[in-house]
Amino acid sequence: MERHKFGCVPGTASSPVRAAPISPTVGADQVGWGSRPGRQAAGLQCRGMNPDGWLADTRASYDTVAVSYADHVREALDGLPYLRAALALFADSVADAGGGPVADVGCGPGHVTAHLHKLGVDAFGIDISPGMVEVARGEYPELRFEVGSMTALGLANESIAGALAFWSLIHVPDEAVPAVLSGFRRALRPGAPLLIGFHVGDESKLKTQGYGGHPMQVYVHRRRPAQVSAWLREAGFTVETEMLLDPEGSSPGAILFARRR
């Protein structure tokens with residue numbers, strides 16, 4: 001999970017993804033981005049991506065940066081009133097639906113999980129990176145954190161009262177997103193809320209260096225809210241609200257509130 005001002009911090013080095021020469025645009029993190037058509041034309045959509053290895057790359061990359069990443073985002077929510085408001089609304093939605101355990105999927109070092117806990121949510125975290133989970137357990141020993149993948153959630157059917165994916169779908173290739181959302185629906189109780197945050201755009205980049213200058217090897221995918229909403233509806237969710245964050249800035253984000261049908 002990669003945080004910037006909406007929860008994700010842009011990388012310091014990356015390679016553009018292109019199917020043909022494209023003039024890169026420069027974003028807030030001063031990197032070039034390739035177009036989404038280039039990603040799709042590459043078969044598994046990103047040149048250099050191993051279709052069987054993106055999960056392993058994500059795990060290894062966030063193991064490497066876990067401590068630096070935690071230092072970077074520990075107090076991030078303090079200066080993000082719109083994100084705090086969204087999380088408060090999500091907490092109220094969980095309570096209104098009857099309450100119960102809530103999964104923060106792709107929880108990273110656990111700061112959002114801890115914030116939800118302070119709001120009265122019975123939140124626990126899941127992350128593919130054992131390094132991130134170790135940091136989260138050390139920082140928030142009163143909370144539960146587990147190593148796991150959103151592509152194969154180890155949760156019983158209809159066992160959770162809500163789920164959160166805050167900028168944690170950004171490394172998942174387009175082809176895998178529908179199955180991930182179907183997995184969320186399987187684990188959620190009928191009527192339970194789902195909150196998703198992500199980068200907005202049409203591009204992907206290869207992130208090769210990140211927090212603390214450590215090496216990384218992950219693709220970061222920007223997506224349009226309409227596309228994510230369409231995937232949610234196809235997976236069996238009702239999309240209730242779309243919220244744009246810094247829509248006129250160089251690195252916009254979006255939050256979607258959805259509910260399991």
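The values are calculated or read from the model by the stated rules, or taken from the named source; none is laboratory data. Please read all numbers here as calculations on a predicted model, not as lab measurements. Please note: Cβ atoms are built from the backbone with ideal geometry, for glycine as well, and neighbour counts cover all protein chains shown.
For this structure, a couple of remarks:
- Segment 234-251, residues that are over 17 Å from F90 (Cα atoms), without any contact (Cβ under 8 Å) to a residue 60 or more places away in the chain and within 18 Å of the chain's Cα centre (by Cα): A235
- Among residues of segment 139-162, those that are more than 26 Å from A56 (Cβ to Cβ) and of a type in the set (F, W, Y), counted: 1
- For segment 212-241, taking the residues that are of a type in the set (S, T, N, Q) and assigned to a helix (DSSP H, G or I), the one that is farthest from D202 (Cα to Cα) is identified as S229.
Yes/no per residue for (1) under 21 Å from P81 (Cα atoms); (2) buried (at least 23 other Cβ atoms within 10 Å of the Cβ); (3) within 15 Å of the chain's Cα centre (by Cα):
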| position | (1), (2), (3) |
| --- | --- |
| S168 | yes, yes, yes |
| L195 | yes, yes, yes |
| Q209 | no, no, no |
| L232 | no, yes, yes |
| G253 | yes, yes, yes |
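- Subset of segment 242-259 that is in contact with a Pro (Cβ under 9 Å, 6 or more places away or on another chain) and at pLDDT below 95 - its residue that is nearest to S204 (Cα to Cα): S251
- Residue that is more than 18 Å from R59 (Cβ to Cβ) and at pLDDT 95 or above, where the choices are A187, A136, A176, A165: A187
- Filter result (farther than 17 Å from P190 by Cα, over 18 Å from the mean Cα position of the chain (by Cα) and touching a residue at least 60 places away in the same chain (Cβ under 8 Å)) within segment 80-124: L89
- Residue match in segment 87-105 (condition: of a type in the set (S, T, Y) and assigned to a loop (DSSP other than H, G, I, E, B)): no
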